[in-house]
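The values are calculated or read from the model by the stated rules, or taken from the named source; none is laboratory data. If you're wondering where the values come from, they're calculated on a predicted model, not measured in any experiment. Glycine also receives a Cβ, built like all others from the backbone with ideal geometry; neighbour counts cover every protein chain displayed.
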Amino acid sequence: MGVLNVTPDSFSDGGLYLDPERAAARAFEMAGEGAAIIDIGAESTRPYGAREVPADIELARLVPVLELLQGKLQVPLSVDTRKPEVASVALELGASFINDISALSHPRMAELAAEHQCFVVLMHMKGGPTDHIRFASYANVVDEVLTFLAERALAAERAGIDRSRIILDPGLGFAKTPQHNFAILANLDRFCALGYPLLIGASRKSFIRNLAGEQKEELILGTNAVNAVAVAAGVAIIRVHDPRPAVVTARIAAAIGSARQT
Ligand code: HH2
């Protein structure tokens, strides 16, 4: 899953793709690099200093890009939003995934997904998109996130979303310290055992930067290390800013993962 942030302030690509033509060009480029899904977001959720964005601003950023891509992009489109007003327009303009970092906390979001029978990504987070880092406290992070995801998946099914369309995500960096992220990554088999495809969004995040370094190349190497572990453990989707190296990493890690003896 290639990340495309049409925001002024995302932590990694903020400001790069505010121009719709540039954003659309990046979507085509990522598809050409092997991204199987393009995830477009118009609200930053970085741990420090993000601001909530009203739906009309999210839409003003997204719609021109979706219009440029509609019917032309060869791979499915995902919209990274918590807001049903935004998801609804994106679905009309061709999106087939709702990536909701609040795991369908807005009841209308589940109805929309059921009506459209689109794919949904349900992510774990505590607190809101702008203050989640204050909630990074757990008795046992793995148990708590597992319980949350299982409950949200069940709620989505009860709302009429087909089980085959539900993807779960433990939410690396969302109300999580680096140690929490590593505990999740070391126990991915337990998340896979929930029986839904798993998505991991580690790309260039600060827990990687702390160990790998600040330079782009170091961030990509660190991201690939995490993604290799994730795919070998059975993770189905890796959300990345740099699809080309991620595709190679995933191909090799998947070969190792599928050679596992039980
Ligand atoms: N991470 C970010 C945004 N959306 N969605 C899912 N499902 N999983 C993630 O881990 C995830 C996500 C944050 O990364 P990014 O989009 O690069 O930054 P920003 O929130 O600053 O736009």
(request) All but one of (1) surrounded by 17 or more Cβ atoms within 10 Å (Cβ to Cβ); (2) assigned by TED's automatic domain parsing to the domain that holds ASP242; (3) over 20 Å from ALA246 (Cβ atoms) hold for SER105, so report the exception by its number. (result) (1)
(request) Within segment 162-180, work out how many residues are over 18 Å from THR147 (Cβ atoms) and surrounded by 22 or more Cβ atoms within 10 Å (Cβ to Cβ). (result) 1
(request) Specify which of the listed residues (ASN181, ASN227, ASN210, ASN187) is in contact with a Ser or Thr (Cβ under 7 Å, 6 or more places away or on another chain) and not acidic (Asp, Glu). (result) ASN227
(request) Report yes if GLU144 is part of a helix (DSSP H, G or I) and acidic (Asp, Glu), otherwise no. (result) yes
(request) Give me a count of the residues in segment 160-170 that are touching a helix residue (DSSP H, G or I) at 6+ places or on another chain (Cβ under 8 Å) and either away from the ligand (no atom under 11 Å from the Cβ) or in a helix (DSSP H, G or I) (or both). (result) 5
(message) Quick check on my filter: what residues within segment 49-81 are modelled with pLDDT under 95 and in contact with a Pro (Cβ under 7 Å, 6 or more places away or on another chain)?
(response) ALA50, GLU52
(message) So, restricting to helices (runs of 4 or more DSSP H) that lie completely within segment 171-244, which ones have at least 3 residues that are over 19 Å from ASP80 (Cβ atoms) and in contact with a strand residue (DSSP E or B) (Cβ under 9 Å, 6 or more places away or on another chain)?
(response) 188-192, 216-233
